[in-house]
């Protein structure tokens, strides 16, 4: 039995019958033992294998109707949401799945009918379209923040209004400063959410469960940090491994045992690769900024072919200190405020410069995702900062979700041209 | 002594160039061909190669190495290596003008700016136009058709016309509609042509600014043969541009020169 053939049949079926039932059917087929083992046997990396198994299991749970679902934007304190016993569902991440399934022409069309302009980021447009097409499970709660991206707050409000749960929609206001006043302001909001959601769930506030969530988060953090340390010196690098595939566990599953297990497996796998790697092998190291296209593309294969590896993705960077489980709200507020994407861009530059020096990077690729103001607005400064350090920068214009904005020939020339520059230094 | 060939397959034209080159990399251009790519880039590459061989009085088996470049480079199955037009243009231009630090290449369907390192003479940065045809040779062709004026006359018209009208649309399709509307309003075609040439120059200047202007600057690509564009860019940049003896062959020259590394 050829899994690729089965996969393409299933995907074609979804493309032709785009509805929530076909998604559920796909998840059911994928989670059946023979198919799951066939599927995972084709995955070379142990951590990627676990990532896929867990994602399928997780998505099955999300679509089962047995758990209260919480929609959330990317940069939220998911320790809080998981600690409340809610199942996080990240529409922006799921928009990436719509790209992988090849259904964005339909989701984007559905969003345009809802007055979403084509200059808005396709993560949000595709998510709105998927919601309109009834592809997402219905949420009990919705959370968003104004950290980095303020489109989430608006498009998520649209979801809340559509299903009349505006009283269960929480917009977390993250200040631009990180002084004590800001920490208090933010931690009070998180505390309010914890008690208000518990009340709406008719549950007694369970601080012990929240504390355990923070303990798990610390364990995950430390494994992820160790994995990053290993990557600094890992040259015999598995091309199939890419931190940009781990957005869901890195953000949405913070506080769960699954994220702890997953990042421990990752750390162990990379450690073994480091021990067994060809000591002579050297590759050029690149820092990847922002996200990547989530449909089939050849960017990373081109890099591999040209002896270049992504040493770290901006989204894999551990930017926060360990959390204090005895002070959950203050800790989580501090974590949110440590995010390099907070503020006017100076924090992001500072963090990227830190990565450049500690990871000895040779080049930077900033994927300039269409419509993403918070990232693209900093392109000039990113370019100047790294160029002044003698590090070449490629600003790669494209779209993470919409394949129609992926001119493959032009992207190939840009990436290969950049690779030639790096390899000539 | 070795014989090498560089083939540059662009969206509009294909160039093949044959070099004789020794181990010290002293070279001589034996022949070159500039022809239309047409709909079959594979055939265009092989046909140009054969014509260049004929011109150089060489047989196919005498060529020691072939490098392909340009957007159609992957289709040249008989090449030993594919190298991007960024590296090939930079190599070709620095062979002709060793002091050049910025290259502006305006081709049929894309335009690019390449920054050269003063010491290594290698490219250190580049920028290519986005996926639309504005600011390229194709843009000019479409406009010439809409104006019903031969593209070859654009340069002369630009130099002999005082005033211009601003062309506000950068999109090729909208610019064409704008031109049709201007003609309808009785605006002289000469003024429209002057405005069109400035609009292309503005797009190129914006790209140069992003990469950072460092003189001397070389202009290459088919559009470099248009004296109107050349003058408009020189006027805006306030820099005298260097133009190769044949602006379309620098990519193929660079490819042929680099081919010695793959013998």
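The values are calculated or read from the model by the stated rules, or taken from the named source; none is laboratory data. All values derive from a computational prediction rather than experimental measurement. When we count neighbours, we look across all protein chains shown, and the Cβ atoms used for this are built from the backbone with ideal geometry, even at glycine.
For segment A:345-363, state whether one or more residues are within 14 Å of another protein chain (Cβ to nearest Cβ) and either modelled with pLDDT of 95 or more or closer than 21 Å to residue B:124 by Cβ (or both). Taking every residue of segment A:345-363 in turn, at least one turns out to be within 14 Å of another protein chain (Cβ to nearest Cβ) and either modelled with pLDDT of 95 or more or closer than 21 Å to residue B:124 by Cβ (or both). Checked against (1) within 14 Å of another protein chain (Cβ to nearest Cβ); (2) in a strand (DSSP E or B); (3) over 15 Å from residue B:5 (Cα atoms), residue B:67 passes all but condition (3).
Sort out which residues of segment A:56-84 are at positive phi and touching a strand residue (DSSP E or B) at 6+ places or on another chain (Cβ under 7 Å), and write them in order of number. Within segment A:56-84, none qualify.
Would a scan of segment A:314-325 turn up a residue that is over 24 Å from residue A:296 (Cβ atoms), part of a helix (DSSP H, G or I) and away from chain B (no Cβ under 14 Å)? No, because not a single residue in segment A:314-325 is over 24 Å from residue A:296 (Cβ atoms), part of a helix (DSSP H, G or I) and away from chain B (no Cβ under 14 Å). Search segment B:10-28 for residues being more than 15 Å from residue B:67 (Cβ to Cβ) and outside any loop (DSSP other than H, G, I, E, B), and hand back the single one that is modelled with the lowest pLDDT. Among those residues, the one meeting the criterion is B:13. Residue B:7: under 19 Å from residue B:108 (Cα atoms), at pLDDT 95 or above and not assigned by TED's automatic domain parsing to the domain that holds residue B:220, yes or no? Criteria met by residue B:7. Evaluate the following for residue B:39: is it surrounded by 24 or more Cβ atoms within 10 Å (Cβ to Cβ), free of Cβ contacts under 8 Å to residues at least 60 places away in the same chain and over 23 Å from residue A:306 (Cβ atoms)? When the stated conditions are applied, residue B:39 does not pass them. Determine whether residue A:376 is in contact with a strand residue (DSSP E or B) (Cβ under 9 Å, 6 or more places away or on another chain), without any contact (Cβ under 8 Å) to a residue 40 or more places away in the chain and facing chain B (nearest Cβ under 9 Å). So residue A:376 does not fit the description; no. Number of residues in segment A:379-394 that are at the interface with another protein chain (Cβ under 10 Å from one of its Cβ atoms) and crowded, with 19+ Cβ neighbours inside 10 Å equals 4. Among the numbered conditions (1) at pLDDT below 95; (2) under 22 Å from the mean Cα position of the chain (by Cα); (3) surrounded by 18 or more Cβ atoms within 10 Å (Cβ to Cβ), tell me where residue A:331 comes up short. Only one criterion in (1) at pLDDT below 95; (2) under 22 Å from the mean Cα position of the chain (by Cα); (3) surrounded by 18 or more Cβ atoms within 10 Å (Cβ to Cβ) is unmet by residue A:331, namely (1). Go through (1) farther than 17 Å from residue A:138 by Cβ; (2) assigned to a helix (DSSP H, G or I) for residue A:21 and report which single condition fails. Single failed check for residue A:21: (1). Where helices (runs of 4 or more DSSP H) fall entirely within segment B:170-263, those with at least 2 residues that are in the same structural domain as residue B:36 (by TED's automatic domain parsing) are at B:250-258. Taking segment B:29-64 as the range and being outside any helix (DSSP H, G or I), closer than 19 Å to residue B:248 by Cβ and more than 14 Å from chain A (Cβ to nearest Cβ) as the test, the residues that pass are B:29, B:30, B:31, B:32, B:33, B:34, B:35, B:36, B:38. For segment A:122-205, which fully contained helices (runs of 4 or more DSSP H) count at least 3 residues that are within 25 Å of residue A:346 (Cα to Cα)? Here the list reads A:151-162, A:180-200.
Consider residue A:407 carefully, then state whether it is within 11 Å of chain B (Cβ to nearest Cβ) and at pLDDT below 95. So residue A:407 fits the description; yes.
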